[in-house]
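Okay, so here's the structure we're looking at.
The values are calculated or read from the model by the stated rules, or taken from the named source; none is laboratory data. Everything quoted here is computed from the prediction, not taken from an experiment. Cβ placement follows ideal geometry from the backbone for every residue including glycine, while neighbour counts extend to all protein chains displayed. The accessibility values were calculated without ligands, DNA or RNA, using every heavy atom of the protein model including side chains. Shrake-Rupley method; radii C 1.70, N 1.55, O 1.52, S 1.80 Å.
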Amino acid sequence: MSNKLSARAINIALFLLLLISSYRDYYAAAPLLAVCISIGSWILTKAGFQKGKIIDNICFCLALYFGTVCWRILSAAFNTYHIKQHLESQGAHSLAICIFSAFFAFLFGAILFFRSRPLNKEGQKNQIQPINTAAAISAKEYLIILISSFITITFVSKSSFLYAFNDWVDPNCFLTMGRGILSGSVPYRDLFDQKGPLLYLIHSLAVLMDNDGFGGVYVIELIAIFSFLLFSYKSIRLFAGKEAILTIPLLAAATYSCVSFKKGDSAEELCLCFLSYALYIGLKIILEDARLKPHEIVFVGIAGAAVLWIKFLMLGLFIGWGVSISILYFKKRAIPELCRIFLLIVFGVIICSLPIILYFQFNGALSDLFNVYFYDNMFSYKEASDTNVLFGTLKNLVFLTVSRSIKNLPMAVLIILGLLGLMKKSLKCLMFLSVCLLGTIFFIYFKGALDYYTFTCAAFTPFGMIIVSLLLQKNRQLSSLLLLLPILFLTLSPNLKDLGIQKNDLAQFKFRNIIVQSESPDLLNYDFMDGGFYTTSSILPKCKYFCILNIRAEEGREAQNEYINIHEPEFIVSVHPIDLKAYSLISSASNCDNSTGDEIHYYLYKLTPSPRGKDLRHVPIAALF
């Protein structure tokens, strides 16, 4: 015993020495780290400790070292009371070391934590105890999910091959940002938009598949809906058995034909698979019928991080997820198990987030990322107009929840049916879904929301199929009705009105035919959101504010006007007539949005050559008036 105590004392002394030297100079502490590991491991061996303890010793040394390095950098930043300025003054070197150190400190700390789990009465290591799932999904079930996904997304999304073009401004903006990433531009620093960086990375893959259209987006949408329906089916099957597979076509059609789906390729649509996976794993944890594999929990963290870096306003579901799971484990007094769950989730978040942070750090755009994506999105939108902020927030929540439920009635009905069905099945699961739903509603509505924000709530529609599945088990004659209802819901999609439009009928393609005749065309989408002209012409804009958004609108207009005044763009597209002596109107066209009945007029301007044939783009503006 004395040998073991002395071994512990010597190890603690070495660790303290490492701690002090790391604080003074983390470079000088690096050689000492190897000394601590070697001496500490040798002492533990002589004291009679097993090999596992030596591994614990190494993990402890490494976690301590990297944690100290991270703490040293951050503490210096906090002491300046200007964290952002301090980190920027230290440059990429210091912050990169801090990020790497935090990651490895957590990694080795997590290894040490899980290795030191106590044994239960049976001598088995305590693990999370989720449920015994049903039999593996068969090839027939996968086929039904795939066919349902293909038919649904093909008819309701304007990104599919049935439609001439997806003229919604948001997807076109995503594609422009994705094209910029492939060309070396850094989001927020070189091209301005306020959505998440992971969304642009996804669309850069879409651009690789189809550079001047939405073929790549269609493939991504197909993968997204397939994943959503797969995890939804797994969730329904926990309560209704394998017969629930017959409800998947109805679930797909009823959910994706809602008004909030818009024209396809929204951030909300692409995140549904992540949200549905988190709900599925949460239900497995609550039902506790079998062991839950650690990697399934890690994937919850990855899913949460994916939503964070696509559109963080959808994180309300994950906050509700964490609150409800915490309440459950606190009531069971199973705090160690709860800690393990959240450690695994944090590990998943780091896996997904670290590459994104490092990408921006190494490109010198980390401050742009946080200033635009987080700060602008949280503080640049207009707040509720009520002088009483609490009253305004409550009014937004109630009014928007009711009004959007009426607009998206099939979605609202399915969510209500799901909650009613769980009242008889499991009160714990009902509580879990209710808290997640409330978190989702609060986050997307508390400051007001656009129509398509509501599509986030589609993650809860699958549970309405529980009652439908139970009714189907009692009355098999309803199966024929289940084949007709999806067709009925698909006909309700507002996008079907655009099926007859041809490419030559759209301004985007009319202007494209003119623009591509230039050898090296440059285009500016002037004073309106991305209309899709960059997409059809496969042009990467040179102006940072390549379109005007809901935030920084005035700053964007000033930048575009300055860009025009030095006569850089060869072509300008506008939604209203503009008077510029250096440019002449060469074409105009109109598009009719059949879903809203609105008609949009577009005007195409071209830089006018000088009488001597000289390019005017570098001539001083004053010389042209």
Original post:
How many residues, within region 562-597, are acidic (Asp, Glu) and touching a residue at least 24 places away in the same chain (Cβ under 8 Å)?
Top reply: 3
Subject >> Filter result (open to solvent by less than 20 Å² (accessible area, probe 1.4 Å), under 13 Å from residue 546 (Cβ atoms), not in a helix (DSSP H, G or I) and not hydroxyl-bearing (Ser, Thr, Tyr)) within region 158-193 >> reply: 187, 191, 192, 193
**OP:** Using the structure shown, decide if residue 440 is more than 30 Å from residue 575 (Cβ to Cβ) and under 25 Å from the mean Cα position of the chain (by Cα).
**Re:** yes
**OP:** Would you mind finding the one in 238, 205, 246 that is in a helix (DSSP H, G or I) and either open to solvent by less than 10 Å² (accessible area, probe 1.4 Å) or modelled with pLDDT of 95 or more (or both)?
**Re:** 205
Original post:
Hey, any hits in region 300-308 for a residue that's open to solvent by 10 Å² or more (accessible area, probe 1.4 Å) and either closer than 16 Å to residue 461 by Cβ or of a type in the set (Lys, Arg) (or both)?
Top reply: no
Original post:
Is there a residue being open to solvent by 10 Å² or more (accessible area, probe 1.4 Å) and hydrophobic (A, V, I, L, M, F, W, C) anywhere in region 250-257?
Top reply: yes
Subject >> Residues of region 271-282 classified as touching a residue at least 40 places away in the same chain (Cβ under 8 Å) and either outside any helix (DSSP H, G or I) or open to solvent by 10 Å² or more (accessible area, probe 1.4 Å) (or both), total >> reply: 3
Original post:
Here is a list of conditions, (1) among the acidic types (Asp, Glu); (2) closer than 26 Å to residue 320 by Cα; (3) touching a Leu at 6+ places or on another chain (Cβ under 9 Å), and residue 288 meets all of them except one; can you say which number that is?
Top reply: (3)
Original post:
When region 332-364 is examined, which residues are found to be over 30 Å from residue 446 (Cα atoms) and either among the small types (Gly, Ala, Ser) or exposed (fewer than 15 other Cβ atoms within 10 Å of the Cβ) (or both)?
Top reply: 332, 333, 334, 335, 336, 339, 355, 362, 364
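Okay, residues lined up against (1) free of Cβ contacts under 8 Å to residues at least 12 places away in the same chain; (2) over 25 Å from residue 194 (Cβ atoms):
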| position | (1), (2) |
| --- | --- |
| 322 | no, yes |
| 337 | no, yes |
| 375 | yes, no |
| 380 | no, no |
Original post:
Going by the structure shown, is residue 369 open to solvent by less than 30 Å² (accessible area, probe 1.4 Å), closer than 28 Å to residue 258 by Cβ and either at pLDDT 80 or above or assigned to a helix (DSSP H, G or I) (or both)?
Top reply: no
**OP:** Residues that are open to solvent by 50 Å² or more (accessible area, probe 1.4 Å) and modelled with pLDDT of 90 or more: find the strands (runs of 3 or more DSSP E) completely inside region 566-625 holding 3 or more of those.
**Re:** 583-593, 598-607
**OP:** Name every residue in region 168-198 that is closer than 15 Å to residue 530 by Cβ, touching a helix residue (DSSP H, G or I) at 6+ places or on another chain (Cβ under 7 Å) and among the acidic types (Asp, Glu), in order of residue number.
**Re:** 193
Original post:
Which of (1) under 18 Å from the mean Cα position of the chain (by Cα); (2) open to solvent by less than 40 Å² (accessible area, probe 1.4 Å) is the odd one out, the single condition residue 313 does not satisfy?
Top reply: (2)
Original post:
helices (runs of 4 or more DSSP H) wholly in region 413-512 with at least 1 residues that are within 18 Å of residue 278 (Cα to Cα) and either at pLDDT below 90 or open to solvent by 20 Å² or more (accessible area, probe 1.4 Å) (or both) - which ones?
Top reply: 427-445
Original post:
So how many residues does region 513-556 have that are open to solvent by less than 20 Å² (accessible area, probe 1.4 Å), more than 23 Å from residue 588 (Cβ to Cβ) and assigned to a helix (DSSP H, G or I)?
Top reply: 1
Subject >> Selection from region 283-341 of residues that are outside any helix (DSSP H, G or I), within 30 Å of residue 369 (Cβ to Cβ) and not hydrophobic (A, V, I, L, M, F, W, C) >> reply: 311
**OP:** Of the conditions (1) surrounded by fewer than 22 Cβ atoms within 10 Å (Cβ to Cβ); (2) at pLDDT 95 or above; (3) of a type in the set (Asp, Glu), residue 289 clears all except one; give me its number.
**Re:** (2)
Original post:
Does residue 197 satisfy the criteria of being touching a strand residue (DSSP E or B) at 6+ places or on another chain (Cβ under 6 Å), open to solvent by less than 20 Å² (accessible area, probe 1.4 Å) and within 22 Å of residue 308 (Cβ to Cβ)?
Top reply: yes
Original post:
Residue check, residue 403 against (1) in contact (Cβ under 8 Å) with a residue 60 or more places away in the chain; (2) out of contact with any Leu (no Cβ under 6 Å at 6 or more places or on another chain); (3) open to solvent by less than 40 Å² (accessible area, probe 1.4 Å), all met but one. Which one?
Top reply: (1)
